[in-house]
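> The structure's right below; bear with me while I get my questions together.
What follows is calculated from the coordinates using simple rules that are stated; it is not laboratory data. Because the structure is a prediction, the values reported are computed rather than measured. Note that each Cβ is placed from the backbone with ideal geometry, even for glycine, and that neighbours are counted across all protein chains shown.
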């Protein structure tokens, strides 16, 4: 029944990610997303039928309790930015940065609950532990996954918006064209090549360990 915790946390995390993109875009001079009602925590305008519903449902049904998803991309017109290159980079980084902030917020929320449960280990006990602490743990994990995964420089992920500005013009056009199938190629690679998934999860697990150590220090 852990999915009852995972789905709301995942939805919150991907919605905040997209709102961060839209909010920073407005500050940079582009109100496209704002006019389309995308600066809202209401999940409905952000939901993608495949990324927000189908993919998480399939992953929940698979063994391992791994969950991932995405929302509808926020429409952004970099031509409206006061600084087209710098603005595009700042708007891009706002999404993953918001997930890192959420991961830290879940860490801080975990502290008092873990203290009342007698420590992190006791709080995470499957039988007698704290459901709230477990939810916070998954909040940390999901947001770190979203932050790290989105910074992979494969179009249309956020990391590609940063890398493209470092490429020569001729290569940039070909690189952008990968965006049509980039996410499918990446997901296929992750499912077919276990080492690829392990590479992505390595920094996620390291940062999660650091944050859990912080909780243990503060309890």
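> What is the angle, in °, between the Cα long axis of helix 194-218 and the longest principal axis of the Cα atoms in the chain? Nearest 10 is fine, range 0 to 90.
The angle comes out at about 50 degrees.
> Would you mind computing, in nm to one decimal, how far apart the modelled labels at residue 31 and residue 90 are, each placed 7 Å from Cα along Cα→Cβ?
Placing both labels 7 Å beyond Cα along the Cβ direction yields 1.8 nm.
> Sum -39500 (n - 2.57) across every DSSP H segment of at least 4 residues in the chain, then divide by the residue count to get the 222 nm mean residue ellipticity, nearest 500.
My calculation for the chain gives -21500 deg cm²/dmol from helical runs alone.
> Using a Gaussian network for the chain with springs between C-alpha atoms less than 10 Å apart, which of these wobbles most: 11, 166, 186?
Of 11, 166, 186, the Gaussian network model singles out 166 as fluctuating most.
> State, to one decimal in nm, how far the label point of residue 202 lies from the label point of residue 58, with both points 7 Å from Cα in the Cβ direction.
2.7
> Test of understanding: ordering 14, 212 by Cβ neighbours within 10 Å, fewest first, what list do you get?
212, 14
> Oh, and also: Of 48, 83, 30, which has the largest mean-square fluctuation in a 10 Å C-alpha GNM of the chain?
In this elastic network of the chain, the residue with the biggest mean-square fluctuation among 48, 83, 30 is 83.
> Continuing with this model, one more query. Only one of the listed values, (i) 0.99; (ii) 1.04; (iii) 0.94, was derived from the coordinates as Rg/Rh (Cα atoms, Kirkwood Rh); which label is it?
Computing Rg/Rh (Cα atoms, Kirkwood Rh) and matching it to (i) 0.99; (ii) 1.04; (iii) 0.94 gives (i).
> What distance in nm separates the simple spin-label points at residue 105 and residue 4, each placed 7 Å from Cα in the Cβ direction?
Between residue 105 and residue 4, the label points sit 2.4 nm apart.
> Ranked by Cβ crowding within 10 angstrom, fewest neighbours first, how are 55, 185 ordered?
In order of increasing Cβ crowding within 10 Å: 185, 55.
> Once you keep just the Cα pairs under 8 angstrom separated by 6 or more residues, what percentage relative contact order results for the chain?
On the way: 290 pairs, mean separation 44.2, N = 219.
Relative CO of the chain lands at 20 percent.
> Using R₀ = 45 Å, calculate the FRET efficiency as 1/(1 + (r/R₀)^6) where r is the Cβ-Cβ separation of residue 217 and residue 177; round to 0.05.
So the FRET efficiency works out to roughly 0.40.
> Could you grab the relative contact order for the range 80-164? Cα pairs under 8 Å, six or more apart, rounded to a whole percent.
Computed value for the range 80-164: 34 percent relative contact order.
> Order of 164, 128 from fewest to most other C-beta atoms within 10 Å?
Neighbour counts put them in this order, fewest first: 128, 164.
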